[in-house]
Amino acid sequence: MVRSGGDPAPYGVEGPNNTRVLIIAAAIAAALSVVVAIGLFLRAGQDGDDPRNPAPSYTTRPTDPASLSPVRTVGGDCSAGGIVARWELQDGQLMCVPEPQRADPRRVGGDCSHSGLVAEWGRTTDGQWICIPQAPRQVGDDCSHDGIAARWDRTPEGWNCVPQQQVAAAPAPPPAPVAPAPQPAPRPVAPPPPPEPEPVVPVPAPAPPPPPAVVIPLPGLPGIQIPLPPPP
């Protein structure tokens, strides 16, 4: 640009034209920045959908086994401090109950439902109690346990595992009448021995009459009777 005197004007002195150029350049730079940002955003979205891009992997450290909490199941062991105890379901919550203080209400086929699962008590081959989810069963199915033969029976209270000897069986037919055995003839009874005769007491003979008196006549005297001595 030339001054009115003919000398060129120094760079940057003409304000309005230079300012206009700077504003246009700034607008173009801002537009380019927006376009680049949109392009990067779209590319990032396409890279995430591309199956060839492997998903980021994360490495986790192994957990200390001592820090893992044991799984609590009804009838499971929870012994501690030398006291034998097991998990029991009381009022809808699992509680660790010592064996000596535990009143065992369990029976085969009894209800042990928990956490919304319908289950019943059963016994394992080694005699341990186990809460088994209820499975379809029919009257007469086998439910033997502890060496006792038993079968399922349906009662108004629910399913019961009834030992085989208690299952009602059909009545046996009455036995055929048996003829009575002949009675042996009565043995003859010996007559009683005759009574012994009473001893005979001899009756003493009557005493002989006294001999008659002997009359000796004496002259001048009346007769004098002299009794004779009795015979010896």
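Of the residues 86, 72, which single one is modelled with pLDDT of 75 or more, basic (Lys, Arg) and not in a loop (DSSP other than H, G, I, E, B)? It would help to see each step written out before you state the result.
Numbers: 72 fails: not in a loop (DSSP other than H, G, I, E, B).
Result: 86 is the single residue among 86, 72 that is modelled with pLDDT of 75 or more, basic (Lys, Arg) and not in a loop (DSSP other than H, G, I, E, B).
Mind listing just one residue for me: the one in segment 108-126 that is assigned to a loop (DSSP other than H, G, I, E, B) and at pLDDT below 75 and, of those, farthest from residue 72 (Cα to Cα)? The extreme case among them is 109. Among the residues of segment 134-146, how many are modelled with pLDDT under 75 and loosely packed, with under 14 Cβ neighbours inside 10 Å? Matching residues across segment 134-146 total 4. For residue 30, the criteria (1) at pLDDT below 80; (2) outside any strand (DSSP E or B); (3) not polar (S, T, N, Q) hold in every case but one, which is (1).
The values are calculated or read from the model by the stated rules, or taken from the named source; none is laboratory data. Here the structure is a predicted model, which means the values were calculated and not measured. Heads up, the Cβs are rebuilt from the backbone with ideal geometry, glycines too, and the neighbour counts pull from every protein chain shown.
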